[in-house]
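The values are calculated or read from the model by the stated rules, or taken from the named source; none is laboratory data. Since the model is a prediction, treat every value here as computed from it, not as a measurement. Here the Cβ positions follow ideal geometry from the backbone for every residue, glycine too, while neighbour counts run over all protein chains shown.
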Amino acid sequence: MPQLDGLRALAMLGVIYHHWLPQSWRFHFPTEAGLFLFFVLSGFLMAQGLLREREVLPKAMILKRFHAKRFRRIYPAYYAALLLALALGVSELWEYPLWWLTNAQNFLILDLGYWPPSVSHFWTLAVEQQYYLVWPLVLLFVPRRFLMAVLVLLCLCSPLVRFSSDAGGWLSMDLIPWGLLDDFALGSLLALLMHQGMVFPRRWLDLLGSAALLGYAYLYISWEMHGAVPLWCHLQQTLLAVVFMMVISRAAAGRWGIFSRILEHRHLVKLGQVSYGIYLFHNIAPLVVGKLFWFLWDERIPGNLAIVLRLPFFMVITWVLVWLCHRYVERPMMDRAGRIKSAGASQRS
């Protein structure tokens with residue numbers, strides 16, 4: 001689905017904008033929303049594959065294949081990024097190595113109470129891995145006739161969880177995995193509806209997405225103006241997830257007018273295909289640039305000019321790190337997995 005790769009690219013560009021540019025350059029735009037698009041998209045793609053395999057394969061085999069594939073796809077590159085950050089002297093990795101090695105850094109960051117520089121973005125990977133452990137059990141073992149109701153119930157629980165975590169601030173609401181249930185549940189619900197062949201009039205979907213977008217915009221603007229709406233602000237993320245659910249449904253259908261052509265642009269699709277590597281290294285790249293090109297932080301360079309001068313270096317170093325990781329870490333792992341699979345097929349035949 002090239003349009004979904006295009007969506008990944010747009011989400012990744014929003015995250016990069018959020019991390020590389022100062023807050024004054026964001027103009028109050030929710031650039032961090034791309035993170036939550038990744039969560040909804042993960043729920044959709046995970047459910048799509050698991051529901052399809054549930055029809056034809058034993059559940060134990062599905063789980064074994066699912067976790068083996070996720071390990072090969074995620075952990076080699078993740079550990080390579082950790083080693084690089086460790087070599088560059090990120091103190092939180094030296095002080096709390098087990099949290100990062102076991103992908104539990106979201107709970108560590110919650111305990112620390114601040115975002116560790118250069119590696120704070122790894123919290124989303126931890127949340128995804130925690131969902132990869134539990135979510136397949138929901139999708140495979142909940143009886144089919146109850147699955148839709150369970151997903152809707154989990155979605156409705158998420159704002160209540162965020163409300164109960166309000167005392168810990170927005171940091172706690174972002175970092176606890178059960179506070180993100182609506183993102184994964186709505187993505188999975190969309191996959192379930194498509195798997196069951198349910199067809200909804202496009203006008204209804206557009207109306208639902210537009211209403212959710214208006215609700216999200218109202219709550220977001222209220223928050224930015226320091227006038228957050230009590231209680232209802234915890235629905236903000238749910239409304240955003242509904243918007244992304246509608247966007248993904250449109251992109252998956254492949255019929256979205258000019259937006260389809262934009263999402264299918266070859267450069268955007270290519271960017272989306274390597275979005276995981278870019279996500280891993282984009283926040284470490286400024287640290288590398290700071291070590292190699294320290295003069296870009298010379299106090300005599302005006303602030304805005306310095307930011308503009310650094311950006312090309314951030315881009316190039318990120319791309320180099322992504323290429324090196326793919327060439328020397330990810331591709332050898334994929335080649336090895338392919339050889340093992342071929343050998344197993346030969347033995348069975």
PHE27 of a type in the set (A, V, I, L, M, F, W, C), under 24 Å from ASP183 (Cα atoms) and either out of contact with any Asp or Glu (no Cβ under 7 Å at 6 or more places or on another chain) or surrounded by 15 or more Cβ atoms within 10 Å (Cβ to Cβ) (or both): no
Some residue of the stretch 64-75 being of a type in the set (Val, Ile, Thr), assigned to a loop (DSSP other than H, G, I, E, B) and either out of contact with any Ser or Thr (no Cβ under 9 Å at 6 or more places or on another chain) or within 21 Å of TRP20 (Cα to Cα) (or both): no
Qualifying residue in the stretch 3-19 (condition: of a type outside the set (A, V, I, L, M), surrounded by fewer than 22 Cβ atoms within 10 Å (Cβ to Cβ) and closer than 23 Å to LYS69 by Cα): yes
All positions within the stretch 293-325 that are modelled with pLDDT of 95 or more and exposed (fewer than 12 other Cβ atoms within 10 Å of the Cβ): PRO312
All positions within the stretch 103-153 that are more than 19 Å from TYR279 (Cα to Cα) and not in a helix (DSSP H, G or I): GLY113, TYR114, VAL142, PRO143
Single residue of the stretch 119-146 satisfying the filter (over 17 Å from the mean Cα position of the chain (by Cα) and over 24 Å from ARG65 (Cα atoms)) that is surrounded by the fewest Cβ atoms within 10 Å (Cβ to Cβ): ARG145
Helices (runs of 4 or more DSSP H) within the stretch 180-276 that include 1 or more residues in contact with a Cys (Cβ under 8 Å, 6 or more places away or on another chain): 181-195, 202-224, 236-253
Failed item, numbered, when LEU57 is tested on (1) within 30 Å of GLN196 (Cβ to Cβ); (2) among the hydrophobic types (A, V, I, L, M, F, W, C); (3) part of a helix (DSSP H, G or I): (3)
Cβ pairs under 7 Å, 6+ apart, first in the stretch 279-297 and under 14 Å from MET315 (Cα atoms), second among the polar types (S, T, N, Q) and in a helix (DSSP H, G or I): PHE281/THR318; HIS282/THR318; ALA285/THR318
One residue from PHE27, PHE39 being among the hydrophobic types (A, V, I, L, M, F, W, C) and assigned to a helix (DSSP H, G or I): PHE39
So SER188, is it at pLDDT 80 or above and surrounded by 15 or more Cβ atoms within 10 Å (Cβ to Cβ): yes
Some residue of the stretch 51-61 being touching a Phe, Trp or Tyr at 6+ places or on another chain (Cβ under 8 Å), closer than 22 Å to LEU271 by Cα and either exposed (fewer than 14 other Cβ atoms within 10 Å of the Cβ) or among the charged types (D, E, K, R) (or both): no
Of all residues in the stretch 140-155 being of a type in the set (A, V, I, L, M) and in contact (Cβ under 8 Å) with a residue 24 or more places away in the chain, the one that is nearest to TRP178 (Cα to Cα): LEU154
